[in-house]
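Q: Encoded as structure tokens, here's the structure I'll be asking about.
Each reported figure results from applying straightforward, stated rules to the coordinates on display, with no laboratory input. Note that the structure is a prediction, hence the values are computed from the model and not measured. Glycine also receives a Cβ, built like all others from the backbone with ideal geometry; neighbour counts cover every protein chain displayed.
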Amino acid sequence: MTDEGELVWYVETAAPQTNLFAQQLDGKPVLTRWHGKGSKNGHGYGSVIILDDKYTPINEICPKPNFVTSDDEEPECYADLHESFITDLGTILVTAVNTTQADLTSVGGLVDGWILDNWIFEIDIKTNEIVFSWSALEAGIPLNLSKVSIASNVMGNGTARSSAGIGFT
């Protein structure tokens, strides 16, 4: 919209859209937006679309790690709906969520429980290749530092993949 309230750009899609950001890529203004499918746990699986100054899509960031979802789906892309940031290096930082087994006894759960492990990916925009990845679980972040506890059952109690608990949020 312009300052006068006139429509400048509009796109209609069947998939949910979120996180529209004005950013810079190679010194030029771009817009980024996420589209995909939300999950029951408050995150999503999708891709980040980069649009040029004419609102034409120029890149689609579609991470495809070997992840598991909590709802038996196999999405085409695994970028979470929460974050995307273009770096000065021609890469983009995105988050993703992997439903994985973990020892939850330190937080009152099962030895073979299930959690939502948050990941950060740095992806080369031109090649769509992951150049860096980081997992909260693999980094050894203690589960009791999560803002969501198993006892609260906000995300799930961790007893099965479909009720994965704790998210490093």
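Q: Starting at the first residue of the stretch 95-107, write each ³J(HN,Hα) from the Karplus equation 6.51 cos²θ - 1.76 cosθ + 1.60 with θ = phi - 60°, in whole Hz, x for Gly and Pro.
A: Ordered by residue, 3J(HN,Hα) equals 9, 8, 10, 10, 7, 9, 7, 7, 6, 9, 5, 5, 10 Hz.
Q: Moving on. For the chain, just say rounded, prolate or oblate: build the C-alpha gyration tensor, square-root its eigenvalues into a ≥ b ≥ c, call rounded for a/c under 1.5, and beyond that prolate if a/b exceeds b/c, oblate if not. Please report the intermediate quantities before stating the final value.
A: Numbers: a/c = 2.45, a/b = 1.94, b/c = 1.26.
Note, shape of the chain comes out prolate.
Q: How high is the relative contact order of the chain, in percent, with contacts defined as C-alpha pairs under 8 Å that are six or more residues apart?
A: In percent, rounded to a whole number, it is 15.
Q: So, one more: Report, by chain and number, residues whose modeled amide H sits under 5 Å from the one on Leu81, excluding near sequence neighbours (fewer than 5 apart, same chain).
A: Placed amide hydrogens put Gly44 under 5 Å from Leu81.
Q: What ³J(HN,Hα) values, in whole Hz, does the Karplus curve 6.51 cos²θ - 1.76 cosθ + 1.60 give for the stretch 57-69 when θ = phi - 60°, with x put for Gly and Pro?
A: Coupling constants for the stretch 57-69: x, 10, 8, 10, 8, 9, x, 10, x, 7, 9, 10, 9 Hz.
Q: Which distance in nm do the two modelled labels at Lys28 and Ser133 give, with both placed 7 Å along the Cα-to-Cβ direction?
A: So the two model labels end up 3.1 nm from each other.
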